[in-house]
Amino acid sequence: MFKAVYNWIDERLDVAPLWRDVADHEVPEHVNPAHHFSAFVYCFGGLTFFITVIQILSGMFLTMYFVPDINNAYASVDYLQHKVAFGGIVRGMHHWGASLVIVMMFLHTLRVFFTGSYKAPREMNWVVGMLIFFIMLGLGFTGYLLPWDNKAYFATKVGMQIAESVPYIGVYLKELMQGGTIVGAQTLTRFFAIHVFFLPGALLALMAAHFFMIRKQGISGPL
Amino acid sequence: MAHGHKSDEKIVYVGDSRVRKRSNKTIVPPDYTAFPGKSEAFIPNFLLKEWLVGCVVLVGFLVLTIAEAPPLGYPADPTNTAFIPMPDWYFLFLYQFLKYPYASGDYVVLGAVAVPGVAFGALLLAPFLDTGKERRFYRRPVASALMVLSLIACVYLTKVSWDHYQYELKVTNTVPEHIEREEKAKEAREKGQSFSAVKKEESVEIVDANDPAMEIVKANCIGCHAVDLKGQKALKVPALRGVGDILTKEELVETVTNGRAGGAMPSFKEKLTAEQIDQITTWLSKQKKAQ
């Protein structure tokens, strides 16, 4: 049944080569922990992706309850965490996952750096990877404000002071991020939009580029 | 002829589409025996192993989320001046760096823009700065040394920042809000009470807002007691809404006529006639919370 449906679609759209291109690539011995245990360092990239998927899924569920408004943001997070069934687990996954994704990405970056895998012809993939790193830091910064507790509020204020200290454009930069002259209602909605739409959009595009390049070029060879 | 194909044509399309008809139905996966070492196929051989690693990580991760509830403090209060700000841990190195005198104050541009800009810029452009063919880290000492030094610096700054935070908590005798909140919730739970950190502001409505006395109030009182008559908490100016629950008519007359709290509430006997004072105090004494 499944095979018949698949063949029917495949005949019309010729989808097999698309996924077979992903499936039929070789995994060389030097990156396979089954053969060399030390090759576990090559897992960090995949784990970063795995945690990112968890972040996207848990974040999608969080937005079902979260209200991006200064009167209700805290109350909605409080409700989500303490009243909704498994809400604490979902928020916990998003909260701890945010740290874990930074850790994994950091380890992945170090692996690529110390194995010299960023060298020609993979320069562009490194640059895209660093852009992903910055996007992740941006996601961390904007997401930190959303629960709207004191820690969130004052950390964001510190961040804004740092942005303000940039010469010439600092004041405008701060006002652009805050959506006004204070950290307030506009900042919360703005950070929410950036956290939920702008940065994830950019992240997905960059990740697509990252994976396209690794598939096209293959993983770097043994040292 | 888009439709109907001849079998001797070299390329055959599916219907009138641009999809080519495949002669051999199945795609044979390439053979990796010719590859050096023990290469294997990504799907399914390697992917299954990857999933095993993924499962182990997922279990560990879920154990963490169950063991440690995500922190949640008290609602943001911009007037709170005692709160010790603390960014997330992965920004601490920068936070600490900006506390040093050569990276703050007059030199803040150095600390906030120049040093992080050069460091992250170099990291971004690493492939174009380290262009040699050598990949082994011990054969490219400059790049490796710079990276190791940066790592040590980041770890050190993060640790100093965290230690300083712990020290500040100790000196100011502060318990982090998310811990305090959790403990209070636990106490309440043990007593069988419900706990909520969300402050519900009791809204007391203005009684008889169309009364002519309101004009006098608008002209004289809202400068301090606020346009919405809710007072100003920060300046300890009490709300006029619900004032009838606190003061009687006689006390209100006394307060408006002679002032209160050492002149913080001024005397109005010069500005208003006795009749006007009577009018507004009658109205104020009606300002009671709805039952």
Check A:V41, A:V77, A:V84 and return the single one that is under 30 Å from A:H195 (Cα atoms), in a helix (DSSP H, G or I) and either at the interface with chain B (Cβ under 10 Å from one of its Cβ atoms) or more than 25 Å from the chain's Cα centre (by Cα) (or both). A:V77
Mind checking whether some residue in segment B:186-200 is at pLDDT below 80, part of a loop (DSSP other than H, G, I, E, B) and either on the phi > 0 side of the Ramachandran plot or open to solvent by 100 Å² or more (accessible area, probe 1.4 Å) (or both)? yes
For segment B:137-183, what are the residues that are among the charged types (D, E, K, R), over 21 Å from B:D88 (Cβ atoms) and open to solvent by 80 Å² or more (accessible area, probe 1.4 Å)? B:R139, B:K170, B:E183
Looking only at residues that are open to solvent by less than 30 Å² (accessible area, probe 1.4 Å) and over 25 Å from the mean Cα position of the chain (by Cα) in segment B:101-124, which one is nearest to A:W126 (Cα to Cα)? B:G121
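Is it the case, given these coordinates, that A:L62 is modelled with pLDDT of 90 or more, open to solvent by less than 40 Å² (accessible area, probe 1.4 Å) and either β-branched (V, I, T) or at negative phi (or both)?
Details: modelled with pLDDT of 90 or more: yes; open to solvent by less than 40 Å² (accessible area, probe 1.4 Å): yes; either β-branched (V, I, T) or at negative phi (or both): yes.
Criteria met by A:L62.
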Scan segment B:19-44 and report the pairs whose first residue is free of Cβ contacts under 8 Å to residues at least 24 places away in the same chain and whose second residue is open to solvent by 70 Å² or more (accessible area, probe 1.4 Å) and part of a helix (DSSP H, G or I), with Cβ atoms within less than 7 Å and a gap of 6+ or a chain change. B:V19/A:R12; B:V19/A:L13
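Among the residues of segment B:109-166, how many are among the aromatic types (F, W, Y) and under 26 Å from B:K99 (Cβ atoms)? Break it down stepwise before answering.
First pass over segment B:109-166, keeping only residues among the aromatic types (F, W, Y): B:120, B:128, B:137-138, B:156, B:162, B:165.
Subsequent filtering for residues that are under 26 Å from B:K99 (Cβ atoms) retains B:120, B:156, B:162, B:165.
Matching residues across segment B:109-166 total 4.
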Residues that are among the basic types (K, R) and outside any helix (DSSP H, G or I), drawn from segment B:232-291: B:K236, B:R241, B:R260, B:K269, B:K271, B:K286, B:K288, B:K289
Taking the stated definitions as given, is A:D69 open to solvent by less than 70 Å² (accessible area, probe 1.4 Å), in a loop (DSSP other than H, G, I, E, B) and acidic (D, E)? yes
Quick check on B:L98: is it out of contact with any Pro (no Cβ under 6 Å at 6 or more places or on another chain), more than 8 Å from every other protein chain (Cβ to nearest Cβ) and either open to solvent by less than 50 Å² (accessible area, probe 1.4 Å) or in contact (Cβ under 8 Å) with a residue 60 or more places away in the chain (or both)? no
Would you check which residues across segment B:277-290 are touching a residue at least 40 places away in the same chain (Cβ under 8 Å) and open to solvent by less than 60 Å² (accessible area, probe 1.4 Å) and list them? B:I280, B:T282, B:W283, B:L284, B:S285, B:Q287
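The values are calculated or read from the model by the stated rules, or taken from the named source; none is laboratory data. Everything quoted here is computed from the prediction, not taken from an experiment. Neighbour counts are summed over all protein chains in view; Cβ atoms, including those assigned to glycine, are modelled from backbone coordinates with ideal geometry. Surface areas here come from the heavy atoms of the whole protein model, side chains and all, with no ligands, DNA or RNA. Shrake-Rupley method; radii C 1.70, N 1.55, O 1.52, S 1.80 Å.
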